[in-house]
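What follows draws every value from the coordinates through simple rules; no lab data is involved. From a predicted model like this one, the values you see are computed outputs, not experimental measurements. Virtual Cβ from ideal backbone geometry, glycine too; neighbours counted across all protein chains shown.
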Amino acid sequence: MAAFVTRFAPSPTGWLHRGHAFSALTGWAAAREAGGRFLLRLEDIDTARCRPEFSDGIFEDLAWLGVTWETPVPRQSTRGAAYVAAIDALRSRGLLYRCFRTRKETMADIGRAPHGAAAPVTPGPLPAAEESERLARGDPWAWRLSLDASRQSLGGFEALCFVEEGEGPRGERGAIAARPGTAGDVVLARKDLGVSYHLAAVVDDAHQGVTHVIRGRDLLEAAHIQCLLQALLGLPTPIYRHHPLILRPDGKRFAKRDTAETLRELRAQGVPAAALRAELGFR
Ligand code: GLU
């Protein structure tokens, strides 16, 4: 049987809610059905928002839910050297350029997974003289991935595609042509804030040998960018299985601020894990 390795990769920036429970159970059940492996990864690169108690909470909530995972659990905060190596590899091929937009402008691009489509940003490299001047002034900058340079460097840029075994928000499924350009030239690293979600996720999915990325369909757009990064870094593209989102009774998405609905709170109220599993469609 072909290997099947999937992962659940929460960011410890809040307590888990029903949506996370559904995602973790979906991946875990798929691994069991395929006789494969289920891995956990803590995406804790956004140091300003991650807290140790949320990491502990992830372990407690998942254990309560009946999910089992392999140990040790990798934490992205300890994987800096691997990310720097990937950035250096892209840089040495002229695929990145420095962008001096303000910290506030690029903050949103760093560390957080873009749930939903992001508006395209393509500032382009500065003229060499202006760049030198700004570097000399000590202005902060970010590395952006140049779509133009990627297109030139990669023979099969237009033919990039990935397999979607689940379904995207617009019914996307099957072999999907990658459109990495819809987000513009994405930020991959920032001088003072480390690397971006896209870079860390792609490097770690390959490092962990992930064959199937199972996650909410609000992250389908991310697969388009991640597919390009995998091709540029010579990494395999996993199969994607985006699943529907569990919505609140009012039709809105669960958010980490809905504290009354966290798994921790349900546990405290005495809700049995089996009842939540059944509500979410799992035995
Ligand atoms: N850490 C991401 C999140 O919290 C998950 C990203 C992924 O599964 O690729 O949404």
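Could you work out the local net charge near Ala273, counting Lys and Arg as +1, Asp and Glu as -1, over the other residues with Cβ closer than 13 Å to its Cβ?
For residues surrounding Ala273, the net value is +2.
Per the Debye calculation on the chain with a single equal scatterer at every Cα and no solvent contribution, log₁₀ I(q)/I(0) for q = 0.07, 0.09, 0.14 Å⁻¹ amounts to -0.27, -0.44, -1.04.
Amide H to amide H, with H built 1.01 Å from N, Trp141 comes under 5 Å of Lys191, Asp192, counting only residues 5 or more places away or on other chains.
Percent relative contact order of region 94-227, based on C-alpha pairs within less than 8 angstrom and at least six residues apart?
35
Each of Val121, Tyr240, Ala255 was placed along the dipole of the chain (beta-carbon charges, centred on the mean Cα), and the one lying farthest toward the positive end is Ala255.
Which value, in debye to the nearest 20, gives the size of the charge dipole of the chain about its Cα centre, when Lys and Arg are +1 and Asp and Glu are -1 at the Cβ? My answer is approximately 180 debye.
Taking chymotrypsin sites (Phe, Trp or Tyr not before Pro) across region 138-210, none is in a DSSP loop with at most 15 further Cβ atoms lying within 10 angstrom of its Cβ. Only beta bridges with both residues in the chain are counted; by DSSP, about 50 percent of them are antiparallel.
Could you state the angle between the C-alpha long axis of helix 80-92 and the longest principal axis of the C-alpha atoms of the chain, as a value from 0 to 90 degrees rounded to the nearest 10? The two axes meet at around 40 degrees. Charges were assigned to the Cβ only: +1 to each Lys and Arg, -1 to each Asp and Glu. The resulting dipole of region 214-283 about its Cα centre is roughly 140 debye.
About its Cα centre, region 124-283 has a charge dipole of approximately 580 debye under the convention of +1 per Lys or Arg Cβ and -1 per Asp or Glu Cβ, with nothing else charged. With the helix formula -39500 (n - 2.57) applied to DSSP H stretches of n ≥ 4, the chain reaches a computed 222 nm mean residue ellipticity of -11000 deg cm²/dmol.
With a cut-off of 9 Å between beta carbons, the residues surrounding Thr6 carry a summed charge of +3, where Lys and Arg count +1 and Asp and Glu -1.
Report, to the nearest 10°, how far helix 52-65 tilts away from the longest principal axis of the Cα atoms in the chain, using its own Cα long axis and a range of 0 to 90°. Relative to the chain, helix 52-65 is tipped by roughly 40 degrees. Site pair Arg93 and Arg264 shows an inter-label distance of 4.2 nm when each label is modelled 7 Å from Cα along Cα→Cβ. Going by a ≥ b ≥ c, the root eigenvalues of the Cα gyration tensor, does region 166-211 fall in the rounded group (a/c under 1.5), the prolate group (a/b larger than b/c) or the oblate group? Judged from the Cα gyration tensor, region 166-211 comes out oblate (a/c at least 1.5, b/c at or above a/b).
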